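Rule-based calculations on the coordinates, nothing more; no lab input. Predicted, not measured: the structure shown is a model, and the values here were computed from it. In this analysis, Cβ positions are derived from the backbone assuming ideal geometry, glycine residues included, and neighbour counts consider all displayed protein chains.
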């Protein structure tokens, strides 16, 4: 399980130095996500993607649960309805849940991808001032070591805590 650490860096030059230190500490570049205000040239730093900038993952998870419940309820109705209740009953509930889950993932994912990440709202003003946000995903057992390494080598970096869980697939 990985955890996401948040750091605010003063500029792109410090961001490059922090990236180098993280790479030397064997943190893969795909686990680092840099974000600045619109138009900031991050040069060759690994920029945050849609999964980090939007509520895509949260939306898809919500759609999965809501769609599966709604689909299962529709399947259950089709199972107990006296007119439509003929045929393989329990399969209707399962098919409804599966269909609802897929539909929910699709719809909620479309909404989530167009919605800015709610976690990043607290950094908007800081990024507007020209600072760079670093989100780095590290294994749970390395959180304190990585945090200490970044803050001890770069005292101008601000630590903004961690997110409790990071999705496994993005």
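Remarks
- Burial ordering of 121, 16, fewest other beta-carbon atoms within 10 Å first: 121, 16
- The helix-based estimate of mean residue ellipticity at 222 nm for the chain, built from -39,500 (n - 2.57) per DSSP H run of four or more residues and divided by its residue count, is -15500 deg cm²/dmol to the nearest 500.
- The simple Förster model, with R0 at 22 Å and r as the Cβ-Cβ distance, assigns residue 152 and residue 43 a FRET efficiency of 0.35.
- Paramagnetic reach from residue 21 (point 7 Å along Cα→Cβ, amide N under 18 Å) across the stretch 108-148: 131-139, 142-148
- Translational diffusion coefficient of the stretch 74-145 (Stokes-Einstein, Kirkwood radius from Cα pairs, 10 °C, 1.306 mPa s): 94 µm²/s.
- Value of Rg/Rh across the stretch 56-113 [Cα atoms, Kirkwood radius]: 1.13
- Of the residues 32, 127, the one with the fewest other Cβ atoms within 10 Å heads the list, and the complete ranking is 127, 32.
- The fewest-to-most ranking of 6, 77 by surrounding Cβ atoms within 10 Å reads 77, 6.
- D by Stokes-Einstein for the chain, Kirkwood Rh over Cα pairs, 4 °C, 1.567 mPa s: 71 µm²/s.
- Whole-number percent relative contact order across the chain, with pairs defined as alpha carbons under 8 Å at least 6 apart: 44
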